[in-house]
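In what follows, a structure is listed as structure tokens, so that the remarks can point back to it.
Nothing in this text is a laboratory measurement; each read-out follows from the coordinates by a stated rule. This is a predicted model, so every value here is computed, not measured. Counting neighbours? That spans all protein chains shown, and the Cβs are built from the backbone with ideal geometry, glycine included.
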């Protein structure tokens, strides 16, 4: 097996990657400095084609167009930390806040409390 060829065959643009997301799915979003900004930007552009997609995240930094009022009905965030970029959205009721110990965050997914369909990660 040619690993280089296999690897290159799996590389897609952020736009193509987010086009695989379907309405009603739950997405895991990595946080801190590993927030996949290009994917989020592509997801915001694609969001009008979606409805009721939930994004579960820990602490995110950077732009947060994905929690804007224009995303209502398309994207909804469920965050375990209220970072500065989502604070206003939480206060206005557009973003959900689920307080969880950081050490227990993975258990939400592992134990099926919040089953995931997609993971947007920065590698």
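What is the order of 30, 79, fewest Cβ neighbours within 10 Å to most?
Ranking 30, 79 by Cβ neighbours within 10 Å, fewest first, gives 30, 79.
Please state the shape class of the stretch 24-65: rounded when a/c is under 1.5, otherwise prolate if a/b exceeds b/c and oblate if not, all from the C-alpha gyration tensor.
In terms of gyration-tensor shape, oblate.
Does the chain come out rounded, prolate or oblate by the C-alpha gyration tensor, with a ≥ b ≥ c the root eigenvalues, rounded set by a/c under 1.5 and, if not, prolate when a/b is larger than b/c and oblate if not?
prolate
As a test of the formula, what do you get for the chain when each DSSP H run with n ≥ 4 contributes -39,500 (n - 2.57) and the sum is divided by the residue count, at 222 nm and rounded to the nearest 500 deg cm²/dmol?
One gets -6500 deg cm²/dmol as the mean residue ellipticity at 222 nm.
On C-alpha positions alone, give me the angle between the axis of helix 37-46 and the longest principal axis of the chain, in degrees, nearest 10.
The angle comes out near 80 degrees.
Please state the relative contact order of the chain as a whole percent: Cα pairs under 8 Å, 6+ residues apart?
Across the chain, relative contact order equals 28 percent.
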